[in-house]
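Trainee: One structure follows; several queries about it will come next.
A short reminder: the numbers here are calculations on the coordinates, not readings from a lab. What you see is a predicted model, and the numbers here were worked out from it, not measured in a lab. Note: ideal-geometry Cβ built from the backbone for every residue, glycine included; neighbour counts use all protein chains shown.
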Amino acid sequence: MPQISAELATLVGSRICHDLISPIGAISNGLELLDLAGSFKGPEHDLIAESVASANARIRFFRIAYGAAGEQMLGRAEVAGVLRDHGQTARLRMDWQPQDPQPRREVRLAFLALQCLETALPYGGEAQIGCEGDSWAITGRGDCSGLDGALWDRLSASVPLGDLAPARVQFALLPVLAQDAGRRLTTTRDAEALSIRF
């Protein structure tokens with residue numbers, strides 16, 4: 001049953017991202033045409049352009065984090081670009097360390113782990129994503145005042161989450177997808193650092 005739930009969740013994520021990326025791209029193209037015509041300048045234009053860029057970056061991030069993975073490999077340039085663009089509006093600076101292409105399934109787990117770190121570090125900080133062989137470590141450093149100990153502990157334990165706010169869905173999906181991939185999550189935490197490993 002968990003496998004069916006995970007598969008359905010990622011298919012829904014893929015569908016939503018797929019359907020949203022086209023209209024966002026159309027708005028971006030429309031702004032470029034207005035720029036070329038020189039007919040629309042000013043703070044309104046800048047606000048729309050910034051909003052479109054932010055929406056595009058989020059959709060690209062969500063497409064990997066919540067979409068179906070398949071057997072696709074993702075190169076360093078693509079992943080680092082997604083994190084760079086996503087980081088323009090995020091408080092967490094993200095350092096993608098793997099140099100070689102990585103399976104999308106593994107990158108998806110790393111992105112969900114990053115979202116867990118973002119929740120725990122509300123004032124920002126730094127996150128490093130590294131892997132050695134098949135072992136991954138996603139580590140965040142900063143003010144951990146946003147840490148919900150119950151959610152954090154349940155990442156590495158088979159405990160029902162109960163009621164869960166939509167903004168915390170990554171805490172439910174990450175363990176299920178990790179189990180589906182045959183991975184075991186472990187977490188560590190102290191006053192200034194948090195780590196998720198699989």
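Trainee: By count of other Cβ within 10 Å, fewest leading, how are VAL176, VAL79 ordered?
Mentor: Fewest-to-most Cβ neighbours within 10 Å comes out as VAL176, VAL79.
Trainee: Would you kindly derive the ³J(HN,Hα) couplings of the range 184-198 from the backbone phi angles with the Karplus curve 6.51 cos²θ - 1.76 cosθ + 1.60 (θ = phi - 60°), listing them in order in whole Hz, with x for Gly and Pro?
Mentor: 10, 7, 10, 10, 9, 7, 8, 5, 10, 8, 10, 9, 10, 10, 8
Trainee: Out of all DSSP beta bridges with both ends in the range 40-148, state the antiparallel percent to the nearest 5.
Mentor: 65
Trainee: So for the chain, taking the charge dipole from beta-carbon charges (+1 Lys/Arg, -1 Asp/Glu), which of THR119, ALA172, LEU92 sits furthest toward the positive end?
Mentor: ALA172
Trainee: Extension gain ARG91-ASP46, at 0.36 nm per residue separation less the Cα-Cα distance, in nm?
Mentor: 14.1 nm
Trainee: Compare the peptides 53-64, 146-157, 100-111, 129-140 by average per-residue count of other Cβ atoms within 10 angstrom and give them in order, highest first.
Mentor: Ranked by mean Cβ neighbours within 10 Å, highest first: 100-111, 53-64, 129-140, 146-157.
Trainee: Further question: With +1 assigned to the C-beta of every Lys and Arg and -1 to the C-beta of every Asp and Glu, and no other charges, what is the dipole magnitude of the range 2-197 about the Cα centre in debye, to the nearest 20?
Mentor: Using Cβ point charges on Lys, Arg, Asp and Glu, the range 2-197 gives about 300 debye.
Trainee: Report the label-to-label distance for SER135 and THR188 in nanometres (one decimal), using points 7 Å from each Cα along the Cα→Cβ vector.
Mentor: 1.0
Trainee: Return the long-range amide H neighbours of TRP136 (sequence gap of 5 or more, or a different chain), with a cut-off of under 5 Å between placed amide H atoms.
Mentor: PHE198
Trainee: What list of ³J(HN,Hα) couplings, whole Hz, do you get for the range 59-68 from phi and the Karplus terms 6.51, -1.76, 1.60, once you set θ to phi - 60° and write x for glycine and proline?
Mentor: Taking θ as phi minus 60°, the curve returns 5, 4, 5, 5, 4, 7, 5, 10, x, 5 Hz for the range 59-68.
Trainee: Report ³J(HN,Hα) in whole Hz for each residue of the range 108-115, in order, from the Karplus equation J = 6.51 cos²θ - 1.76 cosθ + 1.60 where θ = phi - 60°; Gly and Pro get x.
Mentor: Per residue, the Karplus-derived 3J(HN,Hα) values read 4, 4, 5, 5, 5, 4, 4, 5 Hz.
Trainee: Pick from PRO175, PRO122, PRO166 the residue whose mean-square fluctuation is largest in a GNM of the chain, springs joining Cα atoms under 10 Å.
Mentor: PRO166
Trainee: Calculate, in nm to one decimal, what ALA165 and GLN99 gain on full extension: separation in residues at 0.36 nm each, minus their alpha carbon distance.
Mentor: 20.2 nm
Trainee: Another question, then. Taking Cα centroids, how far is the range 1-80 from the range 97-148 in Å?
Mentor: Here the answer is 21 Å between Cα centres.
Trainee: For ASP148 and GLU7, FRET efficiency with R0 = 30 Å and r from the beta-carbon atoms, rounded to 0.05?
Mentor: After rounding to 0.05, the efficiency reads 0.65.
Trainee: Given points 7 Å out from each Cα along the Cα-Cβ axis, report the ARG15 to LEU33 separation in nanometres with one decimal.
Mentor: The two pseudo-label positions are separated by 3.0 nm.
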